[in-house]
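Worksheet: the structure to be examined is printed underneath.
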Amino acid sequence: MKFSIDDFRAWKSKNVTLLGMSGVGKTYLSSLLCGHHWFHYSGDYRIGTRYLDESILDLIKQQAMQVPFLRDLLRRDWIYIRNNIRVNDLGPVLSFVGKLGNPELGGVALEEFSRRQAEYRDAEIAAMRDVPEFIRKAQEIYGYQHFVNDVGGSVCELEDPSVIELLIRHTLILYIQVTDKDEEQKLIERAQSDPKPLYYRPSFLKEQLAAYLGEHGLEYAAEMDPDDFTRWVFPRLFHSRIPRYEAIAGPHGYTVTSREVAQVRDEEDFLELLETAIGRTGA
């Protein structure tokens with residue numbers, strides 16, 4: 001959606017999608033707005049609790065079945081296993097995605113990793129397609145006036161134009177951009193200090209995997225240290241996503257910086273920031 005400042009002010013029920021890499025402030029803003037009567041829709045929470053719930057449980061059970069004591073309890077239905085995913089703790093989703101590399105070092109073999117990546121992609125697409133229905137639910141069932149869609153950093157990687165078209169049609173797209181080199185370096189260093197599982201579009205993964213193996217003198221992904229590969233690939237992933245975010249926000253949304261987001265302290269600040277972003281486009 002595109003607005004003039006006057007139209008935005010008159011927009012009774014505001015629906016905003018926050019776009020950007022992990023760490024730029026999307027969840028910070030979402031949590032803040034949640035305290036101001038905004039419905040917080042977390043894409044990854046929806047993925048974990050609806051579209052990957054069974055797959056996550058299957059993975060956990062597969063590991064539990066390797067322990068004789070737990071295997072016997074599970075087979076006899078004396079215990080059950082459930083996910084405890086929270087909006088601010090998406091550990092089970094990350095555990096399912098995993099890191100590519102040597103299984104003996106906690107990594108996931110390439111074939112299985114690729115299968116999980118494809119399943120995660122399908123789940124993220126489905127979760128984004130649920131946005132219009134959750135906008136309705138937020139208002140009609142839960143009584144929230146405004147809606148904020150906290151999407152994963154990988155939404156620009158899905159290569160399914162219908163997903164972005166749907167978000168543009170139903171929400172204002174706000175891209176949180178890192179323009180300061182020091183901020184960019186801090187974000188990269190933070191990600192590298194605690195490497196987390198990531199989604200990669202297949203062509204990017206194929207290209208970067210070949211480059212990493214060649215640079216490190218390895219033949220197979222199964223020889224890689226999963227944390228080392230994740231640290232190595234993150235800056236490349238970060239920079240590859242920037243033009244994809246810009247291609248969405250440029251014609252279809254608005255852009256603010258991570259430094260501007262860090263100055264937001266309440267709903268009023270957020271709305272002022274949105275008006276500033278709209279004003280920059282000359283609307």
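The values are calculated or read from the model by the stated rules, or taken from the named source; none is laboratory data. Remember, predicted model here, so these are calculated numbers, not experimental data. Cβ sites come from the backbone with ideal geometry, for glycine too, and all protein chains shown count toward neighbours.
Observations, loosely collected:
- When Ile135, Ile168, Ile173, Ile141 are checked against the criterion of being closer than 19 Å to Gly25 by Cβ and of a type in the set (Val, Ile, Thr), Ile173 stands alone in meeting it.
- Only one of the numbered conditions (1) buried (at least 17 other Cβ atoms within 10 Å of the Cβ); (2) farther than 16 Å from Gly253 by Cα; (3) touching a helix residue (DSSP H, G or I) at 6+ places or on another chain (Cβ under 8 Å) is not met by Arg129, and that is (1).
Conditions (1) at pLDDT 95 or above; (2) closer than 26 Å to Met128 by Cβ, marked per residue:
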| residue | (1), (2) |
| --- | --- |
| Glu165 | yes, yes |
| Ile168 | yes, yes |
| Ile173 | yes, yes |
| Val178 | no, yes |
| Ala191 | no, yes |
| Lys196 | no, yes |
| Phe204 | yes, yes |
| Glu207 | yes, yes |
| Ala211 | yes, no |
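- Ile125 vs. criteria in contact with a His (Cβ under 8 Å, 6 or more places away or on another chain), aliphatic (A, V, I, L, M), over 24 Å from Asp194 (Cβ atoms) and modelled with pLDDT of 95 or more: no
- Failed criterion for Leu187 (all others in (1) at pLDDT 95 or above; (2) aliphatic (A, V, I, L, M); (3) under 27 Å from Glu275 (Cβ atoms) hold): (1)
- Residue pairs meeting the criteria (Cβ under 8 Å; at least 6 apart or on separate chains; first within 22 Å of Arg201 (Cβ to Cβ), in the range 216-235; second at pLDDT 95 or above and hydroxyl-bearing (Ser, Thr, Tyr)): Met224/Tyr212; Phe229/Tyr212; Trp232/Tyr212; Val233/Tyr200; Val233/Tyr212
- Check on Arg236, basic (Lys, Arg), surrounded by fewer than 16 Cβ atoms within 10 Å (Cβ to Cβ), over 17 Å from Gly152 (Cα atoms) and modelled with pLDDT of 95 or more: yes
- For the range 247-275, residues that are surrounded by 15 or more Cβ atoms within 10 Å (Cβ to Cβ) and either closer than 29 Å to Glu207 by Cα or in contact with a Gly (Cβ under 7 Å, 6 or more places away or on another chain) (or both) total 4.
Each row is one residue, and each column tells you yes or no for (1) over 18 Å from Thr17 (Cβ atoms); (2) surrounded by 19 or more Cβ atoms within 10 Å (Cβ to Cβ); (3) not aliphatic (A, V, I, L, M).
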position: Arg136; (1), (2), (3): no, no, yes
position: Val148; (1), (2), (3): no, yes, no
position: Gly153; (1), (2), (3): no, yes, yes
position: Cys156; (1), (2), (3): no, yes, yes
position: Glu165; (1), (2), (3): no, no, yes
position: Leu174; (1), (2), (3): no, yes, no
position: Gln185; (1), (2), (3): yes, no, yes
position: Lys206; (1), (2), (3): yes, no, yes
position: His216; (1), (2), (3): yes, no, yes
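- The range 205-233 - residue that is of a type in the set (Gly, Ala, Ser) and under 17 Å from Pro103 (Cβ atoms) and, of those, farthest from the chain's Cα centre (by Cα): Ala222
- Applying a threshold of 8 Å to beta carbon distances and a minimum spacing of six or more residues, or different chains, the list of pairs starting in the range 246-274 at a residue that is over 28 Å from Ser162 (Cα atoms) and ending at one that is hydroxyl-bearing (Ser, Thr, Tyr) and exposed (fewer than 14 other Cβ atoms within 10 Å of the Cβ) reads Arg259/Thr179; Glu260/Thr276.
- Taking helices (runs of 4 or more DSSP H) as the structural unit, those lying wholly within the range 24-80 and holding at least 1 residues that are farther than 30 Å from Gly153 by Cβ and modelled with pLDDT under 90 correspond to 53-64, 68-75.
- Here His37 fulfils each of the conditions (1) closer than 18 Å to Val264 by Cβ; (2) under 18 Å from the mean Cα position of the chain (by Cα); (3) not charged (D, E, K, R) apart from (2).
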